[in-house]
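K.L.:
This is the structure, below, for whatever I ask next.
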Amino acid sequence: MASKKHLPRKLHRSLVPIAVVPLLLTSLSGSLYGALISADIEVPWLLRLHTGNFGLLNLQPYYSTVLGILTVFIAVSGVAMMVGGRRPKDSPSA
């Protein structure tokens, strides 16, 4: 049975793979959209992608909330790991 001390690490390790795809997609599409708009290039499909509309799968009503919750959980679990300290390494016997 895992101890409570390792719970933030397990939570963090399970959430990061789930959260990395939408967070990267949102940050990259937002940056690219901003750069293209400043060059007077209209890309409405990129804005829809940025806001969670993936064609047949439209997550726009929930996308911002899900991104926010994932970001908070990852940040909190990461801080909990930092505050909890690193696991002590076994010192080699001399």
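K.L.:
Here are Thr26, Thr71: which of them is at pLDDT 90 or above, under 25 Å from His12 (Cα atoms), polar (S, T, N, Q) and out of contact with any Cys (no Cβ under 7 Å at 6 or more places or on another chain)?
P.N.:
Details: Thr71 fails: at pLDDT 90 or above.
One residue alone meets the criteria, Thr26.
K.L.:
State all residues of segment 39-88 that are small (Gly, Ala, Ser) and surrounded by 11 or more Cβ atoms within 10 Å (Cβ to Cβ); if no residue qualifies, say none. Talk me through it step by step, then tell me what you get.
P.N.:
Filtering segment 39-88 down to residues small (Gly, Ala, Ser) leaves 39, 52, 55, 64, 68, 75, 77-78, 80, 84-85.
Within segment 39-88, Gly52, Ser64, Ala75, Ser77, Gly78, Ala80, Gly84 meet the criteria.
K.L.:
Hey, could you check segment 25-38 for residues that are hydroxyl-bearing (Ser, Thr, Tyr) and surrounded by 14 or more Cβ atoms within 10 Å (Cβ to Cβ) and say which is nearest to Gly68 (Cα to Cα)? Full working, then the answer.
P.N.:
Step one: list which residues in segment 25-38 are hydroxyl-bearing (Ser, Thr, Tyr), which gives 26-27, 29, 31, 33, 38.
Next cut, surrounded by 14 or more Cβ atoms within 10 Å (Cβ to Cβ) only: 26, 29, 33.
Numbers: Thr26: 12, Ser29: 17, Tyr33: 20 Å.
Ranking the candidates gives Thr26 first.
K.L.:
Asn58 fails exactly one of the following numbered conditions: (1) over 30 Å from Val83 (Cβ atoms); (2) modelled with pLDDT of 90 or more. What is the number of that condition?
P.N.:
Here Asn58 clears every test but (2).
The values are calculated or read from the model by the stated rules, or taken from the named source; none is laboratory data. Note that the coordinates shown come from a computational prediction; the quantities given were computed from them, not determined experimentally. So basically every Cβ, Gly included, is an ideal-geometry build from the backbone, and we count neighbours across all protein chains shown.
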